[in-house]
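Down below is the structure, laid out as structure tokens.
The values are calculated or read from the model by the stated rules, or taken from the named source; none is laboratory data. The shown structure was predicted, so the numbers you read here are calculated from the model rather than taken from an experiment. Here the Cβ positions follow ideal geometry from the backbone for every residue, glycine too, while neighbour counts run over all protein chains shown. To get the accessible areas, we keep the full protein, side chains included, count just its heavy atoms, and leave off ligands, DNA and RNA. Shrake-Rupley method; radii C 1.70, N 1.55, O 1.52, S 1.80 Å.
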Amino acid sequence: MEGFRARAPGKIILAGEHAVVHGSAAVAAAIDLYTHSSLHLLPASEEDGAGAVEVDLRDTGLVFSWPCARLREVFGDTAGAAVNAPKPCSSDELAAMAELLEQEHIPEDKIWLAAGLSAFLYLYTSILGCRPGKAVVKSDLPLGAGLGSSAAFSVSLSGALLAAAGAVRPQAADAGTEWGSFHKEDLELVNQWAFQGEKIIHGKPSGIDNAVSTFGSMIKFKKGEFTNLKSSNPVKMLITDTKVGRNTKALVAGVSERASRHPDAMASVISAVNSISEELSSIVELAADDEVAITAKEEKLAELMEMNQGLLQCMGVSHCAIETVLRTTLKYNLVSKLTGAGGGGCVLTLIPSLLPNSVLEKTTAEIESHGFRCFQVKVGGRGLQFCRG
Ligand SMILES: Nc1ncnc2c1ncn2[C@@H]1O[C@H](COP(=O)(O)OP(=O)(O)O)[C@@H](O)[C@H]1O
Ligand SMILES: C[C@@](O)(CCOP(=O)(O)O)CC(=O)O
Ligand SMILES: [Mg+2]
């Protein structure tokens, strides 16, 4: 049976997380860690004409399945009719899905999965209706760690579902790989559906994560609009996963609460972040062709990241594990900031191009001695890709 496979990257945010939810600019880039979604449509079973929708979440070792007849009760017979017009999940649908998921008895230590499952059910039934099918999702990304796993989940699923529905036309595979892309207007549709998934997971997303996961590259994003940034020199980042679990929805809500308690002070913080993101995006694009120019550029980037981290602390989204990473890297004259929603999760450390390998190794070893995990990624690569099989 024909299968539809899509992969979508995670991201780092170089500047502007949280403030971007409140209208500030932010800068983000795709990374070469992907979430893969595959989908097989199944024939409706002969006896009851119904069958089931199944999702196998490999990262959690859990498989969920719902009879199509039960999904029809929740989403109605017209589910899947408006595939070309993405619309938000209504509060009634959210409540009905919560009830459906209560019956799944999700283990207490994996209760965070409920948001992802709701996004899955909403995207599946909105795009394909209540017809039987089997989806498998697997990710290279740490989940709930600030690298945009929620967006990669929504984008890769939307890509596979829309291709299965025939609503987007995948292009031929790029030379030397099994992966191809989609036309720009098809990517727009994927992005709009993925945004609906992110709304279910984040509560109030800015849209930056799904945009960079769909379109790839490095982008400056502001109020739903974005531009590609052409970085003339590679941006090298060390990522530290503090392994402290956190949840973007709760952190975003916490920042909004602080903003309603201190509107003037927080408006100033958000405006300062906006200036940092604007400046950072123009520095990224500066051409630097000798060592002196490259070093000057990196020093400016580092200073802006340091300032942004200070403002994230003002917003209340740092964490003692994050502060430990900052203190450790500072010993080696390296600058770090949290990335994504904070409260734990991942930290970025800028790696200057002239940094001796021995210093990088020592820094990494010292960070890891605290029980954290360090890794490097390629920054600014492809967005959503597709293949059959
Ligand atoms: N591969 C996956 N399998 C199941 N759920 C996922 C997967 N990726 C993301 N999710 C959902 O997204 C949530 C994490 O999103 P979020 O808190 O925004 O953190 P982040 O996007 O930084 O990883 C998870 O709790 C889960 O509900
Ligand atoms: C905090 C925020 O700016 C980014 C969240 O990213 P992540 O889910 O932590 O990877 C929220 C958003 O922009 O939707
Ligand atoms: Mg997220």
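To the nearest 10 degrees, how steep is helix 291-315 against the longest Cα principal axis of the chain, on a 0 to 90 scale?
Taking Cα atoms only, the helix is inclined about 60 degrees.
Structure shown: which of Lys110/Lys220; Lys110/Lys184; Lys199/Lys243 lie over 32 Å apart, alpha-carbon to alpha-carbon?
Beyond 32 Å: Lys110/Lys220; Lys110/Lys184.
Length gain on complete extension for the stretch Ala81 to Asp32, per 0.36 nm per residue less the alpha carbon to alpha carbon distance?
14.2 nm
Quick one: helix 91-102 against the long Cα principal axis of the chain, what's the angle to the nearest 10°, folded into 0 to 90?
80
With every protein chain kept in place and ligands, DNA and RNA left out, what is the accessible area per residue of the range 96-200? Probe 1.4 Å, answer in Å².
Ligands and nucleic acids excluded, the result is 36 Å² per residue.
Compute the FRET efficiency between Tyr332 and Lys243 as 1/(1 + (r/R0)^6), taking r as their Cβ-Cβ distance and R0 = 30 Å, and round to the nearest 0.05.
Rounded to the nearest 0.05, the efficiency is 0.90.
Would you calculate the separation in nanometres between label points at Lys378 and Lys362, each defined as 7 Å from the Cα along the Cα-to-beta-carbon direction?
3.1
Give me the three principal axis extents of the chain from the C-alpha atoms, as integers in angstrom, largest value leading.
The Cα atoms of the chain stretch 72, 52, 38 Å along their principal axes.
Provide the FRET efficiency to the nearest 0.05 for the Asp92-Arg169 pair, computing r from the beta carbons and using R0 = 30 Å.
After rounding, the FRET efficiency stands at 0.35.
Could you state the accessible area per residue of the range 230-376 in Å², with a 1.4 Å probe and every protein chain left in place?
With the other protein chains kept in place, the range 230-376 gives 47 Å² per residue.
Can you list residues from other chains, or at least 5 along the same chain, whose modelled amide H is less than 5 Å from the amide H of Phe182?
Gln171
In whole Hz, with x marking every Gly and Pro, tabulate ³J(HN,Hα) for the range 68-84 from phi via Karplus 6.51 cos²θ - 1.76 cosθ + 1.60, θ = phi - 60°.
Rounded to whole hertz, the list is 4, 4, 5, 5, 5, 4, 7, 9, x, 6, 8, 3, x, 6, 10, 4, 8.
Which whole-angstrom value gives the distance between the alpha carbon centres of the range 30-82 and the range 174-233?
That distance is 24 Å.
For n ≥ 4 DSSP H runs only, could you compute -39500 (n - 2.57) per run for the chain, divide by its residues and tell me the 222 nm figure to the nearest 500?
-14000 deg cm²/dmol
Using DSSP to call loops (not H, G, I, E or B), can you name the GluC sites (Glu not before Pro) in the range 41-149 whose Cβ has at most 15 other Cβ atoms within 10 angstrom?
Taking the range 41-149 and a limit of 15 other Cβ atoms within 10 Å, the loop GluC sites (Glu not before Pro) found are Glu46, Glu47, Glu104.
Can you give the extra length, in nm with one decimal, that the chain gains between Val292 and Ser232 once fully stretched, where that is 0.36 nm per residue apart less the Cα-Cα distance?
Length gained, Val292 through Ser232: 20.1 nm.
What number comes out for the charge environment of Ser156, summing +1 per Lys or Arg and -1 per Asp or Glu over other residues with Cβ under 12 Å away?
Counting the neighbours of Ser156, the net charge comes to +2.
Measuring from a point 7 Å past the Cα of Glu225 along Cα-to-C-beta, which residues in the range 263-278 have an amide N at less than 18 Å?
Counting only backbone N, you get 274-275, 277-278.
Counting other Cβ atoms within 10 Å, keep those with at most 15, restrict to DSSP loop, and tell me which trypsin sites (Lys or Arg not before Pro) in the range 204-238 are left.
Sparse-neighbourhood loop trypsin sites (Lys or Arg not before Pro): Lys223, Lys230.
Compare the peptides 317-326, 254-263 by average per-residue count of other Cβ atoms within 10 angstrom and give them in order, highest first.
Descending mean neighbour count gives 317-326, 254-263.
With bins 10 Å wide starting at 0, give me the P(r) of the range 160-300 over every alpha carbon pair, in whole percents.
Spelled out bin by bin, the range 160-300 gives 9, 25, 34, 24, 7, 0 percent.
Measure off, as a whole percent, the carbon and sulfur share of the 1.4 Å-probe accessible area of the chain, all protein chains present.
Carbon plus sulfur share of accessible area: 53 percent.
Count charges around Leu113 for me, please; just the other residues with Cβ under 12 Å from its Cβ, Lys/Arg as +1, Asp/Glu as -1.
Around Leu113, the charge tally is -3.
From the C-alpha coordinates alone, can you work out the Kirkwood hydrodynamic radius of the range 1-156, in Å?
16.9
In square nanometres and to one decimal, what's the mean projected area of the convex hull around the Cα atoms of the range 142-223?
That works out to 6.2 nm², a quarter of the Cα hull's surface.
Roughly how tilted is helix 263-285, in degrees to the nearest 10 and between 0 and 90, from the longest Cα axis of the chain?
In the chain, helix 263-285 runs at an angle near 80 degrees to the longest axis.
So, how do all the Cα-to-Cα distances of the range 238-389 break down into 10 Å bins, in percent, from 0 on up?
10, 34, 35, 18, 4, 0
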